[in-house]
Amino acid sequence: MVTVKTGNTLIHTLLDTGSSISCLQYEFYENSDLADIPLNPSRLRFRTALGKNTNQTMGIIRLSFVLGTKQFTHEFHVIKDLVKNRRLWTFSINTEFN
């Protein structure tokens, strides 16, 4: 777990070195100032390692965040019901960000 900052919000997140995509919980997106940023359409469907059900992204958001002392801009797939315990991960980041 690491802490990243987007805008004025500190977020505890999972830095997943094996993830193919970076994810952001729709519930967080919807209830934050990020909701002002429109989602780009996506038809991606996937199956998580944590569950057997398939899921579909609600869209993609390009988000700037700070990790440590470095700032990054990265695409996140916004996903409903990403995890059951909403306090664990607000988003997970694959390690392929620039």
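Quick note: the coordinates plus some simple rules give every number you see, no bench work behind them. Every value quoted in this text rests on a predicted model; they were computed, and no experiment measured them. FYI the Cβ positions are ideal-geometry reconstructions off the backbone, even for glycines, and counts take in every protein chain you see.
Multiplying the residue separation of residue 46 and residue 17 by 0.36 nm and removing their Cα-Cα distance gives an extension gain of 8.7 nm. Modelled label positions at residue 10 and residue 70, each set 7 Å beyond Cα in the direction of Cβ, lie 2.2 nm from each other.
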